[in-house]
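Here is the structure we will look at.
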Amino acid sequence: MTLNAQAPAPNAPSGALNIKALAPLMGAEIFDLDLSQPLDADLVADINDAFLAHHVLVFRDQSLPKDAQVAFSENFGELESHVHRLRSGEKRPALHVVNNLDENGMPTERPRTTGNYFWHTDKSYHAVPSLATLLYAVELPPSGGDTLFANTKRGYETLSAETKQQIADLRVEHSWEASRLNTGNTPATEAEKRDRPPVVHPLVRTHPNTGAKTLYVGMHTSHILDMPEDKSRALLDMLVDHTTKPELVYRHQWRMGDLVMWDNRCLLHRADKNYDMAAQRRLLHRTVIKGSLPF
Ligand code: OGA
Ligand code: MN
């Protein structure tokens, strides 16, 4: 840039994002965008392209009020509220908070939901699960509290031909009830079970935008249909272990100002307990975009 050149206006539709890959298999950071301002349609299209190419997008240096995060998220589809209802029975608002705090707002090793610390893909216990999740860092521990992402497309690709054949047509039951059991959480309530009956998804999922085959597994799974229980659990565990090997994982080390957006259709993710959960606060704002029926 010459000395006289004008700095581009914020969010000008340049057609070229300032983007840098973070790791070979997934993850890219994007600079010089102010997501609290409305985005031009060209820019939304650029972000969508980057999202499909990199699966995890990290928008640096954001300052995002809740309503701005909701407005930004709505560029990518319809938003979903969380499975837990408010005490009044009403559904929760589109943005909710992910944290490690107890009822008194104090950090704890046993927050109400510890499920996020196990490998999963968001809301796979829904017939129509989540397309993308967006997390915005509000309070972070001095170090750690990372989020890990595993590439389930690469996981599928690196299976043996024999395993690919074995799992090609398998179908898996996912449920909120199984999820609570798998993660040692308090069991699902009767109301939650009524709200979220079990659903069945293909084990090998096809990404609706890229056509890639991915492994659709994780902690919300109950069992593979038409297979003995022990064999089903062993196969599901083997596939999770396979697709979460270190070489298939990107570790996101949060910075204040990060908004991270990821593709639930080709990734597993989990929070890491690599911080002092009982003493340090970690709080993020979350929005979730509804996806489409897995096939
Ligand atoms: C989520 C989630 C992980 C984290 O919000 O869906 O799994 O690192 N979060 O908090
Ligand atoms: Mn999650």
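Worth pointing out:
- Counting 0.36 nm for each residue step from residue 278 to residue 106 and taking away their Cα separation leaves a gain of 61.1 nm.
- Bridging of residue 153 to lysines at a Cα separation below 25 Å is possible for 20, 123, 164, 213, 231, 245, 290, once same-chain residues fewer than 8 apart are set aside.
- Segment residue 189-residue 139, extension gain: residue separation times 0.36 nm, minus the distance between their alpha carbons: 15.0 nm
- 5 angstrom amide H check on residue 267, placed H, neighbours 5+ away: 152
- Full extension of the chain between residue 158 and residue 42 yields a length gain of 38.2 nm, computed as 0.36 nm times the residue separation minus the alpha carbon distance.
- Placing +1 on each Lys and Arg Cβ and -1 on each Asp and Glu Cβ, with no other charges, gives the stretch 18-290 a dipole about its Cα centre of roughly 540 debye.
- Folded to 0 to 90 degrees: helix 41-54 orientation relative to the chain principal axis, Cα: 50 degrees
- Rg over Rh [alpha-carbon atoms, Kirkwood Rh] for the chain: 0.97
- Among 266-273, 157-164, sorting by the average number of other beta carbon atoms lying within 10 angstrom of each residue, highest first, gives 266-273, 157-164.
- Divide the volume of the convex hull around the Cα atoms of the stretch 132-258 by the residue count and you get 156 Å³ per residue.
- Relative packing of peptides 190-198, 205-213, 147-155 - highest average C-beta neighbours within 10 Å first: 147-155, 205-213, 190-198
- Element breakdown for the chain at a 1.4 angstrom probe: carbon and sulfur atoms account for 50% of the accessible area.
- DSSP beta bridges in the chain [antiparallel fraction, %, rounded to 5]: 95 percent
- For the chain: accessible area per residue (Å², 1.4 Å): 48 Å²
The values are calculated or read from the model by the stated rules, or taken from the named source; none is laboratory data. Note that the structure is a prediction, hence the values are computed from the model and not measured. Note: ideal-geometry Cβ built from the backbone for every residue, glycine included; neighbour counts use all protein chains shown. These accessible areas exclude ligands, DNA and RNA; they are computed on the full protein's heavy atoms, side chains included. Shrake-Rupley method; radii C 1.70, N 1.55, O 1.52, S 1.80 Å.
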